[in-house]
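Asker: Pasting in a structure now, in structure tokens, and then I'll have a few things to ask.
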Ligand SMILES: [Zn+2]
Ligand SMILES: [Zn+2]
């Protein structure tokens, strides 16, 4: 009895492992599928008080997060610096 249960648990663990590998290899091949996750402080050169926020994206497959390090964030910081100049 318990042998079957153990076999199932092992199979599920193996399937999990394979799913993660498929997800990671898909990302390596075609790039991550980044989706908007929310926003965070832009951390502009001016400091935290400028009130800018940037989008944060997370990959739907491998769960990789850009922590607000993306093209839109760069643009937000650029505009903020421009406005302050
Ligand atoms: Zn990914
Ligand atoms: Zn700013």
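Here, each number is a calculation from the coordinates, and none is a lab measurement. This is a predicted model, so every value here is computed, not measured. So basically every Cβ, Gly included, is an ideal-geometry build from the backbone, and we count neighbours across all protein chains shown.
Asker: Given N residues in the chain, what is its alpha carbon radius of gyration divided by 2.2 N^0.38 Å? Present the calculation step by step, with values, prior to reporting the outcome.
Answerer: On the way: Rg = 20.4 Å, N = 85, 2.2 N^0.38 = 11.9 Å.
So the Cα radius of gyration is 1.72 times the expected 2.2 N^0.38 Å.
Asker: With labels modelled as points extended 7 Å from the Cα through the Cβ direction, what inter-label distance (nm, one decimal) is found for residue 81 paired with residue 43?
Answerer: 1.6 nm
Asker: Sticking with this one: Separation between the residue 2 and residue 36 pseudo-spin-labels, each 7 Å from Cα along Cα→Cβ, expressed in nm?
Answerer: According to this spin-label approximation, the distance is 5.2 nm.
Asker: Only residues of segment 61-81 count here: report those whose backbone N is under 18 Å from the spot 7 Å along Cα→Cβ of residue 21, or say none.
Answerer: 62
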